[in-house]
Amino acid sequence: MNPIDWLLDSDPAIRWQALRDLTDAPSSAIASERARVSHEGLAAGILAAQHPDGSWRSSGARVWLTTLFTFILLRATGADPADPAISSAVSRPEANLRWSNQPNWDLRPAELGGNPFFVGEVEPCINGGVLALGAYFGRPNEILARRLLTEQLPEGGWNCEAPKSSRSSFHTTICVLEGLLEYERAVGSTSAHAKEVAAARHRAEEYLLQRALFRRLSTGQVVHPEFLELAFPPRYHYDILRALDYFRAAAMHNHVPPDPRLREAIHLIERRRQTDGRWLLDRAYDEALAVPTGESVGQPSRWNTLRALRILRWWKQQELAS
């Protein structure tokens with residue numbers, strides 16, 4: 001089966017994004033397919049697993065861990081924030097949960113006090129995801145965005161270990177970049193604050209680009225083999241597929257062509273394509289999720305294939321236009 005047909009023969013969360021990103025389907029067909037996302041398949045399962053207080057839970061995992069990363073998986077489905085089922089799901093943690101560090105950081109009932117859900121906690125790797133969620137689902141939080149700007153390190157990235165460590169982390173940086181881009185989309189790009197966000201984002205992008213997305217600046221060696229392993233869901237982990245999907249989204253938002261320094265990572269993705277045109281799932285950081293994704297490590301992955309194909313399509317379209 002053609003890989004695009006394979007994607008179209010799947011969960012609505014995959015199908016509508018494949019229609020949007022990989023075909024010339026009319027906008028009406030894309031919207032019609034997207035409207036199914038919250039009612040069928042993965043997103044519907046996520047909504048059904050939510051607890052009345054807005055949390056998601058998994059045996060043996062802390063509430064914040066399962067809630068945050070299951071919520072981020074919901075965002076990955078591209079569910080329409082205006083859908084009543086989605087709006088209801090988003091309002092529950094906003095009303096009922098607070099980030100509290102008494103006795104340690106977790107999500108606790110609102111009556112115990114703490115930071116509102118979309119204000120986040122203290123670690124930028126977590127807060128990047130919280131910022132992305134709030135912005136995507138109609139709750140962009142300026143307090144959180146400004147906090148992240150103050151935590152940017154001199155070389156351009158972020159690190160959850162700062163200030164103990166002054167070196168940027170690829171993992172933390174991609175989490176914050178995704179959050180800032182989503183926030184910028186939500187609030188627009190004309191205000192002075194939005195321009196500060198864009199400038200911080202561009203500094204962090206430069207940090208990754210100077211390293212070709214996966215190499216050490218000092219030696220040119222691969223920073224970590226995991227950066228070349230294609231994961232879904234990624235949780236807070238970095239890899240080149242996640243990074244390239246971010247750079248595609250950022251370039252499209254800014255209406256600019258791809259940076260040529262992405263080329264080596266692009267070629268690595270091309271070489272990972274299987275003979276049948278699909279990509280495998282190398283890793284899955286899914287141990288704390290409230291629902292299964294339906295994919296298995298070592299097997300063809302619709303999530304990886306969707307992202308790889310849209311990245312390559314974007315890259316090749318820009319090459320033809322230049």
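Set against the labelled values [x] 56, 46, 40; [y] 55, 45, 34; [z] 52, 42, 40, Cα extents along the principal axes in Å computed from this structure falls on [x].
Dipole magnitude for region 1-148: about 420 debye, using +1 per Lys or Arg Cβ and -1 per Asp or Glu Cβ, origin at the Cα centre. At full extension, Val297 and Arg147 could sit 50.4 nm farther apart than now, given 0.36 nm per residue minus the alpha carbon distance. Can you compute the FRET efficiency between Ala31 and Arg215 using 1/(1 + (r/R0)^6), with r the Cβ-Cβ distance and R0 = 45 Å? Round to the nearest 0.05. Calculated value: 0.65. Between Arg215, Arg271, Arg263, the GNM of the chain built on Cα springs shorter than 10 angstrom shows Arg271 fluctuating the most. Using every pair of distinct Cα positions in region 156-217, the Kirkwood expression returns a hydrodynamic radius of 12.2 angstrom.
Share of carbon and sulfur in the accessible area of the chain stands at 51%, probe radius 1.4 Å. Reported value for region 19-60: 102 Å³ per residue, from the convex hull of its C-alpha atoms. Of the Cα atoms belonging to region 1-111, the radius of gyration and Dmax stand at 16.5, 54 Å. Working note: 222 nm ellipticity from helices only, DSSP H runs with n ≥ 4, each -39,500 (n - 2.57), summed and divided by the residues of the chain, gives -16000 deg cm²/dmol to the nearest 500. For the pair Glu155 and Ala194, label points projected 7 Å from Cα toward Cβ lie 3.3 nm apart. Across the alpha-carbon atoms of region 159-306, the computed radius of gyration and Dmax are 16.1, 49 angstrom.
Working note: Cα gyration tensor of region 112-234, eigenvalues times five, square-rooted, sorted largest first, giving semi-axes of 25, 16, 14 Å.
Ranking Ile240, Pro260, Phe227 by Cα position along the charge dipole of region 189-277, where only Lys, Arg, Asp and Glu carry charges on their C-beta atoms, puts Pro260 farthest toward the positive end. For Glu229, the residues whose amide H sits under 5 Å from its own are Ile240, ignoring neighbours fewer than 5 places away on the same chain, with H placed 1.01 Å from N.
Other residues with beta-carbon under 10 Å from the beta-carbon of Glu33 carry, at +1 per Lys or Arg and -1 per Asp or Glu, a net charge of +4. Let a ≥ b ≥ c be the square roots of the eigenvalues of the Cα gyration tensor of region 178-250; is it rounded (a/c under 1.5), or, if not, prolate (a/b larger than b/c) or oblate? Here region 178-250 falls in the oblate category.
Overall shape: oblate for region 225-272, with the ratio a/c of the largest to smallest alpha carbon gyration tensor axis at 1.5 or above and b/c at least equal to a/b. Compute the distance from the alpha-carbon center of region 25-89 to that of region 197-240, in whole Å. The distance from the Cα centre of region 25-89 to that of region 197-240 comes to 28 Å. When the Gaussian network model of the chain links Cα atoms closer than 10 Å, the mean-square fluctuations of Ser191, Ser301, Ser100 top out at Ser191. The chymotrypsin sites (Phe, Trp or Tyr not before Pro) found in region 248-322 that occupy coil by DSSP, while having at most 16 further C-beta atoms within 10 Å, are Tyr285.
Does region 221-322 come out rounded, prolate or oblate by the C-alpha gyration tensor, with a ≥ b ≥ c the root eigenvalues, rounded set by a/c under 1.5 and, if not, prolate when a/b is larger than b/c and oblate if not? Prolate, since a/c reaches 1.5 and a/b exceeds b/c. Given a 10 angstrom Cα cut-off, can you work out which residue in Val256, Val223, Val37 is the most mobile in a GNM of the chain? Ranking Val256, Val223, Val37 by mean-square fluctuation puts Val256 first.
The values are calculated or read from the model by the stated rules, or taken from the named source; none is laboratory data. Treat the numbers as computed from the prediction; the structure is a model and nothing was measured. Quick reminder, even Gly has a Cβ in these numbers, built from the backbone with ideal geometry, and neighbours come from all protein chains shown. Each accessible area value is taken on the protein alone, full model and side chains, heavy atoms only, with ligands, DNA and RNA left out. Shrake-Rupley method; radii C 1.70, N 1.55, O 1.52, S 1.80 Å.
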